[in-house]
Amino acid sequence: MRTEQAGAVRLQDYKPTDYRIEQVHLDVRLQPEATRIIAKLAIAPRQDDGARHPLVLDGDQLTLESLTLDGMALPDTAYSVKPDRLEIFSPPGRAFELEIVTSTDPSANTKLMGLYRTAGTYCTQCEAEGFRRITYFLDRPDVLSVYTTRLEARKSDAPLLLSNGNLIASGDIAGSDRHFAVWHDPFPKPSYLFALVGGDLALLRDTFTTRSGREVDLRIYVEHGKEDRAGYAMDSLIRSMKWDEDVFGREYDLDIFMIVAVSDFNMGAMENKGLNIFNDKYVLADPQTATDQDYANIEGVIAHEYFHNWTGNRITCRDWFQLCLKEGLTVFRDQEFSSDERSRPVKRISDVRLLKAHQFPEDAGPLAHPVRPTEYSEINNFYTATVYEKGAEVIRMLKLILGDEGFRNGMDLYFDRHDGDASTIEDFLACFAEASGQDLDQFALWYHQSGTPSVSAQVERRANADEIVLSLTQSCKPTPGQDEKKPFHIPLRYSLLDPRGGHINAAPNTVNGKKAEIRDPATVLHLRDETATFQFTNVPHDCIVSLNGGFSAPISLDSGHDQASLAFIAQHDTDAFNRWQAMQSLCQSALSTGIAALRSGREFPDPTSLCDVATAIVGDPGLDPAFKALALTLPSEADIARDLGKDIDTDAVQEARWRLKSTLAASLRAARDRLEPDLAAKPGPFDPGAAEAGKRALLNLLYDYLGAEDGENRADAEAILLARFKSANNMTDRFSCLTTLVQSKFNAADEALDIFYQRYKNDHLVLDKWFMAQATAPGRETLERVRDLTRHPSFSYANPNKVRGLIGGFASGNQAEFNRPDGAGYRFVTEICTMLDKTNPQVAARLLSAFRSWRSLEEGRRAHAEAALQQLADGKPASPDVADIVQRCLT
Ligand SMILES: [Zn+2]
C-alpha cells in the first residue's frame, strides 16, 4: 500500500454535517480592492436532539469584520476565528441566524478562486472550494441552501450585476453613484454552484420555448465588440436545450439562462445554476479567428455545462469523491449530443484519441486513481481525465450492457428518485440495477479499481470443422494503493469478417464450454472472469475476429492480429472505429521497428504495405473525408511513446515518425491532386458544419504531408505552403498551414509567424495559438524561443490560457524538447511551476502533470526528470496543489 498522505481526506470518514444552512442571504458591496460581504445564514441543527455541537465553518484567507447570532454580537469567548476557520463553540440547539461580515480584495486574487477581477469584470469561481474565499461557510456539496443575493456596485464600474436564479429587484441607490440588483434562486444548491458577475459587458440575446411551453430568456455576455462572435455558442445552447428534452426528457427550470465569457479562467467553464461562467475560448468564434476544432469544442462545452443543470445541479454530489457522478455522466451526455449533431464514428474516434492521450498515461503512471477515488489531499488535482473521460466510458459501457431502453429507464428512475439530493455512485448504480433487474456489483469495479485493463485475444482454428475458439484473458497492472485487482466486467462488441469479403452474423455456440444463451442481436461478448473461451461454429475457419468495436470498453487490447489481418480490417471492417484502430496499429508497428532500427544504427525499414493501405483508404469513395483524415493521421509522438511503454528515447521517436511521414507523403501526393477539386471550399460563406469541416480536415492533412516530402520536392513544398497560408480565407486553413510550416522546419515559418502576429496582435485568443505553434516546434532551439516568449509583451503569467498555450504547449505538446536529453526542458518547467505555485497553484499543478510518465523514459532522461522533481520537492512548494503532484510523482 502507498503510505497515506498527511492531511488527506478519506471517503471512509464521511459524515453529514451537524447543521444545515437552509437560507443564505448575501449582500455583496463590490469594490475593486475591498469588497464587503454580509452573509446572513439561516442555520438549523440536522438532528433535533437539543445537543449543542460546535459549528465549524470553512474559510480561506478571510478577514472577519463582525459576527452576530440572532442579531446579537457574539462575545470573543464564544468563538475562535482564523483566516481558514470560524468555530462557534456552543450554538443554540435550535434554528438561528448567523450574520458574518467579511472583506476581500478581488483585484489581488491571482488564484482565480472565489471572487476575483478579470479585465475589469468581477466574477467568481467556487468549485471545488472557492466559496470559502468569499465568506465562512459549510463549504461542501452536501449542504444545500436557497440563495438570495444582493449585489451593489458603482454604476460606472459595473453597470451589469448578475447572480444565480431570477432577478427580483434592482435600482439606483439614492444620493450615490451606486446601484443594486437582487437575485433569487429557488432551487436549493451547494455553495460550489454560487456565482456572481459585475461588469460592463455586451449582450447577445435569444429565447427558447421549452416543450411545456415556457419561454426562457437566453443571454450570452461577452466583451464589448465581440458580440458577433457569440452566435455559434447561442446556436449550440439552443440545440443542447432541445436535445436534452428529446433524448433525456429534461427541461430547463428557470426563467433565464445566462452565460458570461471571461478571459482569465482556470477551467474550461463552470455550470453555476442559471449563470454559467466560461473561459472565453469556449464561447467566441468566427471564421477568421476560430478553427473547426474550436467550433466543435464550443458546441461540446456549451452543451456540457448546460446538461449539468440536471446532472450536477438538480442532483449534485454528496462529497467530492463522487465528482464522476456529475462529470463522467455529463461528459457522456455531451459526447452523445455531439455524436447526434455531427458524425458519430468520427466523434467516437476523436473522443478515444483524447482518452488514450490523456487518461491512459494517467492510469499507467504515479497519478493513477480510481474513477471514484477514496482519498485526496487536494481536490483540485482530481479534475482529471480519469474522473471525466474514463468516467464517461463507464457510463457508455453501462448503456451497452443494459441496452438503450434499460439505460433510459435507469436514468429516469435516477432523476425521479434523487432530484434535489446530494448523491453517490452507489445511489446512481442502484437505480440501474433496480430498473433493469441486473446485478451490477462486478460492473461497479470500474469505479473502484484504477489502471487500464489489458485484454489479449487468441484464436484457435479448426479447419475441418469450420469452427473457431476465441480465448480472452484480462489483467490489470498494479497502480498506487492497488496491488491486486479483481476481474472487470468487460463488454466487447465484436464482429467476424470473412477474408473473402463480407460480415458473418454469428453468435458463440458455447461460452467456457457451456451452451451459450442466445442473444439477439449477437454483437457483444461479456468477459467477466480472468479468462473466457467463446466457440463459434459454422464459420469460415480463417475468419477474422474484430474485437472492441466502437471502443466498447476502455481497455488496452492485444488482438493477436498479423499485419495482413490488420490491413484487411483497416480496409473492410464495417466498424469505422476498428478500421481507424487497425490503421493506428499498423503505424505503431512500423514505428516501433523503425525506432529499434534507428537506435541500433540500422536502416529505417520500408513501410510499403502501410503505404498501400493508406492509399486505398484515401481513395475509397465510400468514406467520409473526416474519417479519412483521422485514419491517415499518424499517431502523435506521445501516442508512440505510450505504445512503447518503456525505455523511451523521445528523439528517436520523433525521427522515426518523421521518416514514416516522409514515406507516406510520397504515396499520398497523387491523392491530393486528384481529391483537391472536391475538397476545396465552395464559393459562399464559411460553413462550420461537420461535412465541410471534414473536407477541410482531409485537405489540410494532405498538405501537411506535403511538408514532409524530402529531396527536390522540398523547396516546392515550402513555396506552395506559404502561398496557401497567405491566401487562406479562414482560420482552420491558415492555422493548419502555419503549423505545417513550423513543424516541417521551413525557413518560411518565421515569415508566416510574423504575418500571423501582425494580423492578430490585438486578439488574445488567437495569440494563444501563435504561442502554442512556437512552443510545439521541433528543434533544440525551441526552449530558448519559449523562454524569450515568456518576456513577450503579449504573454502574461496571470492569464491561464497564455500559460497553457506557451508553457503547457511546450511541456505536454512537445515531447522531444520537454524531454531533451540534457534535462533543460524539465528544469525550465519546474522553475515556472515554482513561480506559479505562489500565484496560481491550480495552473502550476496542471503543468506539472507533464511529468506523469517520467518513469517510462530511458535512463538518462529519467535521471534528469527525477532530479528536477526532487529539487522542486526540496524547495517545499507553497501550495498543497503542487506539493501533492510532486509527492505522488516521486512516490
Ligand atoms: Zn463538468
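Within region 197-205, is there a residue that is surrounded by 19 or more Cβ atoms within 10 Å (Cβ to Cβ), under 26 Å from I134 (Cα atoms) and not aliphatic (A, V, I, L, M)?
Applying the first criterion (surrounded by 19 or more Cβ atoms within 10 Å (Cβ to Cβ)) to region 197-205 yields 197-199, 201, 204.
Narrowing the set further to residues that are under 26 Å from I134 (Cα atoms) leaves 197-199, 201.
With not aliphatic (A, V, I, L, M) added as a condition, the list becomes 198-199.
Checked against the condition, which is being surrounded by 19 or more Cβ atoms within 10 Å (Cβ to Cβ), under 26 Å from I134 (Cα atoms) and not aliphatic (A, V, I, L, M), region 197-205 yields at least one hit.
For D340, state whether it is in contact with a His (Cβ under 7 Å, 6 or more places away or on another chain), in a helix (DSSP H, G or I) and more than 25 Å from E530 (Cα to Cα). Don't jump to the end; show me each part of the working.
Values: in contact with a His (Cβ under 7 Å, 6 or more places away or on another chain): no; in a helix (DSSP H, G or I): yes; more than 25 Å from E530 (Cα to Cα): yes.
In short, no.
Out of the residues in region 284-307 that are within 16 Å of the ligand (Cβ to nearest atom) and of a type in the set (A, V, I, L, M, F, W, C), state the one that is nearest to E389 (Cα to Cα). Before the answer, list the steps.
Initial filter on region 284-307 (within 16 Å of the ligand (Cβ to nearest atom)): 297-307.
Then keep just the ones that are of a type in the set (A, V, I, L, M, F, W, C); that gives 298, 301-303, 307.
Working: I298: 17, V301: 14, I302: 17, A303: 16, F307: 16 Å.
Out of the qualifying residues, it is V301.
Report yes if L398 is part of a helix (DSSP H, G or I), under 28 Å from T17 (Cα atoms) and in contact with a helix residue (DSSP H, G or I) (Cβ under 9 Å, 6 or more places away or on another chain), otherwise no.
Criteria not met by L398.
Taking N762 and the conditions (1) touching a residue at least 24 places away in the same chain (Cβ under 8 Å); (2) not in a helix (DSSP H, G or I), which numbered condition does it fall short on, given that it satisfies the others?
(1)
Do any helices (runs of 4 or more DSSP H) lying entirely in region 779-882 carry at least 1 residues that are within 20 Å of F265 (Cβ to Cβ), and which ones are they?
Numbers: elements: 782-789, 800-803, 809-813, 815-818, 824-839, 841-848, 859-874.
Answer list for region 779-882: 800-803, 809-813, 824-839, 841-848.
Would you be able to say whether some residue in region 244-259 is within 25 Å of E127 (Cβ to Cβ), assigned to a strand (DSSP E or B), of a type in the set (F, W, Y) and touching a strand residue (DSSP E or B) at 6+ places or on another chain (Cβ under 9 Å)? Give the derivation first.
Applying the first criterion (within 25 Å of E127 (Cβ to Cβ)) to region 244-259 yields 244, 248, 250-259.
Filter again for assigned to a strand (DSSP E or B), leaving 256-259.
Right, trim to of a type in the set (F, W, Y) and you get 257.
If we keep only those that are touching a strand residue (DSSP E or B) at 6+ places or on another chain (Cβ under 9 Å) as well, we get 257.
The answer is yes; a qualifying residue exists.
Taking the residues in region 370-393 that are β-branched (V, I, T) and outside any helix (DSSP H, G or I) as candidates, determine which candidate is surrounded by the fewest Cβ atoms within 10 Å (Cβ to Cβ).
As a first pass, look at region 370-393 and keep what is β-branched (V, I, T): 371, 374, 379, 384, 386-387.
Adding the requirement that they be outside any helix (DSSP H, G or I) leaves 371, 374, 384.
On the way: V371: 26, T374: 14, T384: 23.
Restricting to residues being β-branched (V, I, T) and outside any helix (DSSP H, G or I), the top hit is T374.
Does A181 fit the bill of being assigned to a strand (DSSP E or B) and crowded, with 16+ Cβ neighbours inside 10 Å?
Working: assigned to a strand (DSSP E or B): yes; crowded, with 16+ Cβ neighbours inside 10 Å: yes.
So A181 passes the test.
Have a look at D157, D139 and point out the one that is farther than 20 Å from E271 by Cα and either surrounded by fewer than 22 Cβ atoms within 10 Å (Cβ to Cβ) or touching an Asp or Glu at 6+ places or on another chain (Cβ under 7 Å) (or both). Please lay out each step first, then the result.
Details: D139 fails: farther than 20 Å from E271 by Cα.
Selected residue: D157, the only one of D157, D139 that is farther than 20 Å from E271 by Cα and either surrounded by fewer than 22 Cβ atoms within 10 Å (Cβ to Cβ) or touching an Asp or Glu at 6+ places or on another chain (Cβ under 7 Å) (or both).
Per-residue answers, yes or no, for (1) among the small types (G, A, S); (2) surrounded by fewer than 22 Cβ atoms within 10 Å (Cβ to Cβ):
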residue	(1), (2)
G365	yes, yes
A368	yes, no
G403	yes, yes
G420	yes, yes
E426	no, yes
L429	no, yes
W446	no, no
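Go through D200, D228, D244 for me and flag whichever is at negative phi and free of Cβ contacts under 8 Å to residues at least 60 places away in the same chain.
On the way: D200 fails: free of Cβ contacts under 8 Å to residues at least 60 places away in the same chain; D244 fails: free of Cβ contacts under 8 Å to residues at least 60 places away in the same chain.
From the options D200, D228, D244, the qualifying one is D228.
On the basis of being over 28 Å from the mean Cα position of the chain (by Cα), at pLDDT 95 or above, of a type outside the set (F, W, Y) and assigned to a loop (DSSP other than H, G, I, E, B), does R211 make the cut?
Details: over 28 Å from the mean Cα position of the chain (by Cα): yes; at pLDDT 95 or above: yes; of a type outside the set (F, W, Y): yes; assigned to a loop (DSSP other than H, G, I, E, B): yes.
Here the answer is yes, as R211 does meet what is asked.
On the given criteria, is R211 within 22 Å of N164 (Cβ to Cβ) and surrounded by fewer than 21 Cβ atoms within 10 Å (Cβ to Cβ)?
Numbers: within 22 Å of N164 (Cβ to Cβ): no; surrounded by fewer than 21 Cβ atoms within 10 Å (Cβ to Cβ): yes.
The answer is no for R211.
For region 536-575, give me each residue that is in contact (Cβ under 8 Å) with a residue 12 or more places away in the chain and in a helix (DSSP H, G or I).
Filtering region 536-575 for residues in contact (Cβ under 8 Å) with a residue 12 or more places away in the chain gives 536-561, 563, 565-575.
G549, G550, F551, Q563, S565, L566, A567, F568, I569, A570, Q571, H572, listed by residue number.
Condition (residue is assigned to a helix (DSSP H, G or I) and within 16 Å of the ligand (Cβ to nearest atom)) applied to region 261-275: is it met by at least one residue? Write out each step before concluding.
Filtering region 261-275 down to residues assigned to a helix (DSSP H, G or I) leaves none.
No, because not a single residue in region 261-275 is assigned to a helix (DSSP H, G or I) and within 16 Å of the ligand (Cβ to nearest atom).
Please determine, by comparing only the residues of region 699-741 that are in a helix (DSSP H, G or I) and among the acidic types (D, E), which one is farthest from the chain's Cα centre (by Cα). Talk me through it step by step, then tell me what you get.
Here is the first cut: in region 699-741, the residues in a helix (DSSP H, G or I) are 699-706, 713-727, 731-741.
From what's left, among the acidic types (D, E): 704, 716, 718, 733.
On the way: D704: 27, D716: 39, E718: 35, D733: 25 Å.
If we take residues in region 699-741 being in a helix (DSSP H, G or I) and among the acidic types (D, E), then D716 is farthest from the chain's Cα centre (by Cα).
Quick one: Q31 ticks every box in (1) within 34 Å of the chain's Cα centre (by Cα); (2) within 30 Å of Y122 (Cα to Cα) except a single one, so which number is it?
Against the list (1) within 34 Å of the chain's Cα centre (by Cα); (2) within 30 Å of Y122 (Cα to Cα), Q31 comes up short only on (1).
Take the conditions more than 9 Å from the ligand (Cβ to nearest atom) and either farther than 28 Å from F627 by Cα or among the β-branched types (V, I, T) (or both) and apply them to T316. Does it pass? Reasoning before the result, please.
Values: more than 9 Å from the ligand (Cβ to nearest atom): yes; either farther than 28 Å from F627 by Cα or among the β-branched types (V, I, T) (or both): yes.
Against the criterion (more than 9 Å from the ligand (Cβ to nearest atom) and either farther than 28 Å from F627 by Cα or among the β-branched types (V, I, T) (or both)), T316 qualifies.
Would you call W310 surrounded by fewer than 24 Cβ atoms within 10 Å (Cβ to Cβ) and within 15 Å of the ligand (Cβ to nearest atom)? Before the answer, list the steps.
Values: surrounded by fewer than 24 Cβ atoms within 10 Å (Cβ to Cβ): no; within 15 Å of the ligand (Cβ to nearest atom): yes.
So W310 fails the test.
Among (1) surrounded by fewer than 24 Cβ atoms within 10 Å (Cβ to Cβ); (2) under 17 Å from E389 (Cα atoms), which single condition is F265 missing?
It is condition (2) that F265 fails.
Looking only at region 448-464, which residues are under 27 Å from the mean Cα position of the chain (by Cα) and buried (at least 17 other Cβ atoms within 10 Å of the Cβ)?
Within region 448-464, the first condition is being under 27 Å from the mean Cα position of the chain (by Cα), and the residues that meet it are 448-455.
Q449, S450, G451, T452, P453, V455, listed by residue number.
Quick check: anything in region 271-291 surrounded by 24 or more Cβ atoms within 10 Å (Cβ to Cβ) and of a type in the set (F, W, Y)?
Looking for residues that are surrounded by 24 or more Cβ atoms within 10 Å (Cβ to Cβ) and of a type in the set (F, W, Y), one finds at least one in region 271-291, hence yes.
Under the condition of being within 16 Å of the ligand (Cβ to nearest atom) and of a type in the set (A, V, I, L, M), which residue from region 327-346 is surrounded by the most Cβ atoms within 10 Å (Cβ to Cβ)?
Start the filter on region 327-346 by keeping residues that are within 16 Å of the ligand (Cβ to nearest atom), which leaves 327-338.
Applying the additional criterion that residues be of a type in the set (A, V, I, L, M) yields 329, 331.
Numbers: L329: 23, V331: 26.
Among residues in region 327-346 that are within 16 Å of the ligand (Cβ to nearest atom) and of a type in the set (A, V, I, L, M), the one surrounded by the most Cβ atoms within 10 Å (Cβ to Cβ) is V331.
Does V146 satisfy being assigned to a strand (DSSP E or B) and surrounded by fewer than 21 Cβ atoms within 10 Å (Cβ to Cβ)?
yes
Could we say that E375 is touching a strand residue (DSSP E or B) at 6+ places or on another chain (Cβ under 7 Å), away from the ligand (no atom under 16 Å from the Cβ) and under 30 Å from D884 (Cα atoms) here? Before you say what the answer is, go through the steps one by one.
Numbers: touching a strand residue (DSSP E or B) at 6+ places or on another chain (Cβ under 7 Å): yes; away from the ligand (no atom under 16 Å from the Cβ): yes; under 30 Å from D884 (Cα atoms): yes.
In short, yes.
Against the conditions (1) touching a residue at least 60 places away in the same chain (Cβ under 8 Å); (2) in a helix (DSSP H, G or I), where does I220 fall short? Just the number, please.
(2)
Could you identify the single residue in T608, T574 that is within 33 Å of the chain's Cα centre (by Cα) and of a type in the set (V, I, T)?
Numbers: T608 fails: within 33 Å of the chain's Cα centre (by Cα).
When all the criteria are applied, what remains is T574.
Just to be sure before I move on: is Q887 assigned to a helix (DSSP H, G or I) and either touching a residue at least 24 places away in the same chain (Cβ under 8 Å) or of a type in the set (A, V, I, L, M, F, W, C) (or both) in the structure I sent?
Details: assigned to a helix (DSSP H, G or I): yes; either touching a residue at least 24 places away in the same chain (Cβ under 8 Å) or of a type in the set (A, V, I, L, M, F, W, C) (or both): yes.
Yes; evaluated as a whole, the condition is true for this residue.
Determine if region 193-200 includes at least one residue that is part of a strand (DSSP E or B) and touching a Gly at 6+ places or on another chain (Cβ under 7 Å). Working first, answer last.
Narrowing region 193-200 to residues part of a strand (DSSP E or B): 196-199.
Now drop any that are not touching a Gly at 6+ places or on another chain (Cβ under 7 Å), which leaves 199.
Yes.
Does any residue of region 502-525 turn out to be of a type in the set (A, V, I, L, M), in contact with a strand residue (DSSP E or B) (Cβ under 8 Å, 6 or more places away or on another chain) and buried (at least 21 other Cβ atoms within 10 Å of the Cβ)?
Yes, region 502-525 has at least one match.
The values are calculated or read from the model by the stated rules, or taken from the named source; none is laboratory data. These figures come from a predicted structure and were not determined experimentally. Positions of Cβ are backbone-derived with ideal geometry, glycine not excepted, and every protein chain shown enters the neighbour counts.
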